[in-house]
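The values are calculated or read from the model by the stated rules, or taken from the named source; none is laboratory data. Everything numeric here is computed off the predicted structure, so don't read it as measured data. Here the Cβ positions follow ideal geometry from the backbone for every residue, glycine too, while neighbour counts run over all protein chains shown.
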Amino acid sequence: MDAESALSGCSETQPTILLVHQPNGASKILRNTKKRIDLILSGHTHAGQFYIVWFLAYLKNDFLYGHYKIKNRDTQIYVSSGVNYWGPPVKMLNLCEITLLTLRA
């Protein structure tokens, strides 16, 4: 992903919300741009899906599930566990979710 091109039309005075399918993409973008990004919304990890493999998913992803505030930037990231699954149709100790966010200035 070319972060500079993706963010080129964004105003520095208006909030910027970026949708990134995989949280590792958020890490890459934050490393490769100094542009203002207020909020990054992501998914993909299914919050580890199975408790047994959660640790492996945690090792592979900087952001696995939940809300993160990025130090040294005014950026927040939210990673949803999603409403579905990958592979076998089951989640173990991780719930499906539909996230409702209320954004305030």
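Of everything in the stretch 67-96 that's at pLDDT 75 or above and in a strand (DSSP E or B), which residue is nearest to Gln22 (Cα to Cα)?
Val79
Quick check on the stretch 36-59. Is at least one of its residues over 22 Å from Leu101 (Cα atoms) and modelled with pLDDT of 85 or more?
no
Give the stretch 17-33 a look and list any residue that's of a type in the set (Ser, Thr, Tyr) and either surrounded by fewer than 17 Cβ atoms within 10 Å (Cβ to Cβ) or part of a strand (DSSP E or B) (or both), or say none.
Thr33
Got a number for residues in the stretch 7-26 being out of contact with any Cys (no Cβ under 7 Å at 6 or more places or on another chain) and either over 20 Å from Val79 (Cα atoms) or at pLDDT 85 or above (or both)?
Of the residues in the stretch 7-26, 13 are out of contact with any Cys (no Cβ under 7 Å at 6 or more places or on another chain) and either over 20 Å from Val79 (Cα atoms) or at pLDDT 85 or above (or both).
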